[in-house]
Every structure is written in structure tokens, then in C-alpha cells.
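Engineer: Dumping the structure here so I can ask a few things about it.
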Amino acid sequence: MEHKKQEVYAPRDRKQSHYDKRLILRVVKEVEAGLPRNEANRIYELGKSCLYNWMRKYGSMDYQQNVKRKSYTNLQKRTIVTAIEQGRMSIKEAQTAYGVKNEKIIRNWLAQYKAEKVELCIITEPVMAKKTKPFITAQAEALQKALEEAELKIKALNTLIDVAEEQLKIDIRKKSGARQS
């Protein structure tokens, strides 16, 4: 007859004190063996983040690689949402087809993109109209000012040439048609 030695763990004095390392490793091993996390939380009176951190820190590499969350690109999310909105798939079918873990994730995407569409309809048009007009007006004013300055320079140069021709009795402006000798 074999006797199993009952492991005794150091009890925590208060909520802020640390758990016994042997208890932590035992809980991690049980979860890796198949004990659901919420059950482990209930049995050992743990918080969700506590067990999550233990699994991340003390879990085997094999377990950690199998548990990693799958991330979806914005394009994948939009594709799934569009397929559901167009009626080509139900949420359940999309979940199976795209390997999404939970229906709630897809429902969140639906709500997120629906809110985005509402924002586009309400906000974008007036904002664009307001931003474009001042930009065009400012650009037009700058061009108008540059044109006026150029015209003033031309007048000043013409006046200067006229005065020089009159005082120095020299033809500065070229005559039309070249002289032939």
C-alpha cells in the first residue's frame, strides 16, 4: 500500500503576501493538464490576472505556444464584417470559417465598424467642406498678392527704362526686327 505525502503549503498571511511557489507550480501543472482556468480560480480562490500571470511566467513552452491569441488584421476583420452584413454568412458560419474563437469577438467588430460608418456619414462631409474653403481662399489671396507685386515691379522697370532712355538718349529697348548690315 502506497502512501502519498500530502503537500503542505505555507498559508498567506494577508492578501498582499505572495503564494507559496510549490502551490503556484501545482496550479500551473493542473491547468496544463486540462483543469479549466475558471475552475482553478474558484478552487484556489485566485484572481483571473493572477492565474494568467502564473501561466505566462511558469507555464511550459508547449502550453504557451498553444494558447497564444490569434490576431486579425483590419482587412480580415472588414472582410468578415462585410460578409455578415451582406448576408453571405451568419456569425456562427463566419466564426467557423475564419477560426474566430468567440462569437462575441465578431459582434464587437460589427459594432465597431457600424459606429465607424455612422461617424463617416455624420462628421466627414462638413469637416471637409470647412477645411477646403479657407485653404482655397488663403491660396487665392497669396496668388493675388504675388500678382500685384509682379505688376508693380514691371511698372517700376518700365519707368526706369523710360527715364534712362530720355536722360541718356540711348535706345535701351530693342526695336522690332533685327538690323541688317
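Engineer: Conditions: (1) in the same structural domain as Ile84 (by TED's automatic domain parsing); (2) at pLDDT below 80. Arg173 meets all but one. Number of the miss?
Structural biologist: (1)
Engineer: For the stretch 31-59, name all the residues that are assigned to a loop (DSSP other than H, G, I, E, B) and closer than 16 Å to Lys21 by Cβ. Can you show your working first?
Structural biologist: Going residue by residue through the stretch 31-59, those that are assigned to a loop (DSSP other than H, G, I, E, B) are 33-36, 45-47, 59.
Answer for the stretch 31-59, where residues must be assigned to a loop (DSSP other than H, G, I, E, B) and closer than 16 Å to Lys21 by Cβ: Leu46, Gly59.
The values are calculated or read from the model by the stated rules, or taken from the named source; none is laboratory data. Since the model is a prediction, treat every value here as computed from it, not as a measurement. As a convention, Cβ positions derive from the backbone with ideal geometry for all residues, glycine included, and neighbour counts pool all protein chains shown.
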